[in-house]
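Nothing in this text is a laboratory measurement; each read-out follows from the coordinates by a stated rule. None of the values given here were measured: they were computed from a predicted structure.
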Amino acid sequence: MRRSGCRGNPLRCGGNMPLHTPSDPLCKDLREIKDVGRRSADLTRQLLAFARKQAIAPVVLDLNDMIESLLKMMRRMIGQDIDFVWKPAVKL
């Protein structure tokens, strides 16, 4: 059973909101909602596979991309009084 909502296309948000353009200030937030939904679905799939003791197909990851996607959240968590510097490695 597939549920409707913003995960499939947050830029349309279930047809309740007009289509947003990339220049729209809400577009960045809506894209972040879509990314969080995708990551949540991936994590759920991994947890279910672990619970069933299924083998998970290995995937090549770019650690720089993974960390980059978490930077905004990490900066909010550590607060403004701490300088957080991200220096990605080449081909990590």
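Once the Cα-Cα distance is subtracted from the 0.36 nm per residue extended length, the residue 53 to residue 29 segment shows a gain of 5.1 nm. Sequentially through segment 78-89, phi angles give Karplus couplings (6.51, -1.76, 1.60; θ = phi - 60°) of 7, x, 7, 7, 10, 7, 10, 10, 10, 10, x, 7 Hz, Gly and Pro residues having no value and appearing as x.
The gain in end-to-end length when the residue 36 to residue 62 segment is fully stretched comes to 7.6 nm, 0.36 nm per residue minus the alpha carbon separation.
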